[in-house]
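In what follows, a structure is listed as structure tokens, so that the remarks can point back to it.
The values are calculated or read from the model by the stated rules, or taken from the named source; none is laboratory data. Source: prediction; values computed, not measured. Neighbour counts are summed over all protein chains in view; Cβ atoms, including those assigned to glycine, are modelled from backbone coordinates with ideal geometry.
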Amino acid sequence: MLAMGTVRIESRPGTAWQVLNLGLEPFGVALRRQEELVHQRLLGIVPDTLILVEHPPVVTLGRAKPRGNLLLDPAMLAAQGVEFFEITRGGDATYHAPGQLVGYPIFDLRQHGRDVLRFCRGMEAALIATLAEFGIAGEAVPGRAGVWVHGKKIASLGISVRRWITFHGFALNVTTDLAGFQVIRPCGEDPGIMTSMAAILQRPVSMDEVRRIVAERFAETFSLMEASGQTGAV
Amino acid sequence: MATRIDMPQLGLTMEKGAILQWIRAEGEQVTKGQPVVLIQTEKVEYEVEAPAAGTLLKVVAKEGEELPVGGLMGILGQPGEDVSALLAASAAEPRAAGPAPSKDNHEPPATSQEPGAGTPRQPGERIKISPVAKKLAQEHGIDIATIAGTGPERRIVREDVERVIAAGGAAPTTAAPEVIPLSGIRKVIFDRMGQSWREAAQVTLFADADMTEVVRLRQAKGAEWERRFGIKPSYSDLIHMAVARALREAPRINCRLGGQGVRIRKEVNLAFAVDLGEGLVAAVIKNADKKSVGDLAKAAQELAGRARSGRLAPDDVADGTFTVTNLGGLGVESFTPIINPPQAGILGIGRIMEKPVVLGGDIHIRSMMTLSLVFDHRLIDGAPAAKFLAKVKELLEQPGWIG
């Protein structure tokens, strides 16, 4: 089994899923943890799991994506204390840093209608519902995955699916230092396109509060999604 | 035999996907279920598994190429096998076509059940019975429809009849009860209603609203509304309108349990219950207080249609702030619905009935309707809840504001 250490597991009443709050954990460590959980989820020995984590500064690049979207090469990134990973997920160049809430849903889509695009829409809906609790009007833009606020991107999205098990997920800027995005072209866009909850609200935002609400909105959205008549449909 | 590896359909709305990377090269052997190729659609990367064991004979679609769902990506088979016929057929397929019929390269849904020995027979299913068993059953006057078969394909064999005879002639069970499994929508309702009932401190307030003016308004303006909006708003739509407006004026009721406290919401996202036959779902009209009566009616009609055809998007059900449920159409006079968590209130609507009402010392015939507001007293106090209900009643009794 997974070495839990100080990890807090919350089982939610009425739902057979769990939330793993990892706090601050390096990307590579969290990646191995994801892979272990995907394997365990496939075997059915763990329930659907949402990992919530923050990473020390790191740039990740989706497979088969142009390195041109890195504005600094990996050696220059390292010199700035930024790690670099090439990984298997949808999506393009992404930057993670403290203040950004990263969520990795390890969900078995065989129990959620076998529809990966619908799953993405569900993640967006859960994030939009989270932002609404803070008075931020987020929206999904057709053809541009992620969550947007007035033309700026507040959350990125990119998932992988292996035998109907999802991994990777979303990154929501809560209090992220947006200057950090200057090292990449996030998803091929201008770095200036990124925004954060704190930048919009012009006040500090509690990461604890956001974490709690994201977990609640995930539980609500995914149980409602099943109630909306798509279960096992595809 | 050669097997096609096709672009899978990973969702109802998926039309095409791109080849990201071939994990296996031409000439390599794979076993069934091994990942062969990585594809991408929107921001999703998906490992496509080998539909059969064999050798990857041909990579048809190169990395970076985009294919419609069902398009041929590659061919598996035995070394030396002739795949020219498959390739020729594929070349004839339209390349950038719309959604192609999905090829079934997934396992069958978990609900499908192999008809096994001893399982109950479906109504209308032909009864299979061995000649010896049939004769024995006739001799003992046993109806063969009541005997459970344990032979291949549920065929009734001699032992099955003997077991019935030993048990006194009558089959132990005749009509098996129908079991609706606690999964899917049933499970969601099971969990959410149970959680709400256990956790919420529920209080119900009743009020009778005089709907006579609303009935009159709908009669007077129905034709005009239909002309203007292309739809005649129902009583439910007019009630939604009043509730949304009352919520805007009583924001304290428009709250949800979230994070560390009660979050009072500025937008009114009105949920309304839609009956699905087996199960129900609360569809959400976003910013309902800002919509005209025509837009409200259209939104409700579209959402209900999508709900009944199982095509609601996640956004159609997410983030409701208050629910209305109307059983008046089914003849119910009043009831106490269960709160839809994490919301804090739900309004039950009963049927509109003509009743004798005393007004100013005289008896009048008025169209009356019972409203029942159930609220979670942990989140909302009694007085603001009562004021909100009074506001809904007032807005319905003097509906001149509805344009």
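Modelled with pLDDT of 95 or more, crowded, with 19+ Cβ neighbours inside 10 Å and under 25 Å from B:G261 (Cβ atoms), is that true of B:I339? Even if it seems obvious, please write down each step before you answer.
Details: modelled with pLDDT of 95 or more: yes; crowded, with 19+ Cβ neighbours inside 10 Å: yes; under 25 Å from B:G261 (Cβ atoms): yes.
In short, yes.
Residue check: is B:M7 more than 13 Å from every other protein chain (Cβ to nearest Cβ) and within 29 Å of A:S156 (Cα to Cα)?
Working: more than 13 Å from every other protein chain (Cβ to nearest Cβ): yes; within 29 Å of A:S156 (Cα to Cα): yes.
Answer is yes for this residue.
Scan segment A:143-164 residue by residue and report those that are within 10 Å of another protein chain (Cβ to nearest Cβ), out of contact with any His (no Cβ under 8 Å at 6 or more places or on another chain) and either on the phi < 0 side of the Ramachandran plot or hydroxyl-bearing (S, T, Y) (or both).
As a first pass, look at segment A:143-164 and keep what is within 10 Å of another protein chain (Cβ to nearest Cβ): A:143-146, A:156-164.
Filter again for out of contact with any His (no Cβ under 8 Å at 6 or more places or on another chain), leaving A:143-146, A:156-157, A:161-164.
Within segment A:143-164, A:R144, A:A145, A:S156, A:L157, A:V161, A:R162 qualify.
Among the candidates B:E213, B:E267, which residue alone is acidic (D, E), surrounded by 15 or more Cβ atoms within 10 Å (Cβ to Cβ) and either not assigned by TED's automatic domain parsing to the domain that holds B:K387 or not in a helix (DSSP H, G or I) (or both)?
Numbers: B:E213 fails: either not assigned by TED's automatic domain parsing to the domain that holds B:K387 or not in a helix (DSSP H, G or I) (or both).
B:E267 is the lone residue from the list that is acidic (D, E), surrounded by 15 or more Cβ atoms within 10 Å (Cβ to Cβ) and either not assigned by TED's automatic domain parsing to the domain that holds B:K387 or not in a helix (DSSP H, G or I) (or both).
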Item to check | Subset of segment A:93-126 [in a helix (DSSP H, G or I) and either more than 11 Å from chain B (Cβ to nearest Cβ) or acidic (D, E) (or both)] | outcome: A:E124
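Look through segment B:22-52, keep the residues that are among the small types (G, A, S) and under 22 Å from B:S84 (Cβ atoms), and return whichever of them is farthest from the other protein chains (Cβ to nearest Cβ).
Step one: list which residues in segment B:22-52 are among the small types (G, A, S), which gives B:25, B:27, B:33, B:50, B:52.
Filter again for under 22 Å from B:S84 (Cβ atoms), leaving B:25, B:27, B:50, B:52.
Values: B:A25: 16, B:G27: 22, B:A50: 12, B:A52: 16 Å.
Applying the filter and picking the extreme gives B:G27.
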Checklist entry - Looking at (1) within 12 Å of chain A (Cβ to nearest Cβ); (2) under 34 Å from the mean Cα position of the chain (by Cα), which is the only condition B:G70 fails? => result (1)
Checklist entry - Would segment B:313-328 turn up any residue that is in a loop (DSSP other than H, G, I, E, B), in contact with a Ser or Thr (Cβ under 6 Å, 6 or more places away or on another chain), touching a residue at least 24 places away in the same chain (Cβ under 8 Å) and not polar (S, T, N, Q)? => result yes
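Select from segment B:53-79 the residues that are of a type in the set (G, A, S) and under 21 Å from A:R114 (Cα atoms) and list them in ascending order. Lay out the reasoning, then the answer.
To start, the set of residues in segment B:53-79 that are of a type in the set (G, A, S) comprises B:53-54, B:61, B:64, B:70-71, B:74, B:77.
Residues satisfying the conditions are B:G70, B:G71.
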Checklist entry - Which condition does A:I87 not pass, out of (1) β-branched (V, I, T); (2) closer than 22 Å to A:V59 by Cα; (3) facing another protein chain (nearest Cβ under 7 Å), if it passes all the others? => result (3)
Checklist entry - How many residues are surrounded by fewer than 21 Cβ atoms within 10 Å (Cβ to Cβ) and either more than 33 Å from the chain's Cα centre (by Cα) or at positive phi (or both) if we restrict to segment B:43-57? => result 4
Checklist entry - If we keep just the residues of segment A:95-118 that are surrounded by 22 or more Cβ atoms within 10 Å (Cβ to Cβ) and touching a Lys or Arg at 6+ places or on another chain (Cβ under 7 Å), which is modelled with the highest pLDDT? => result A:L101
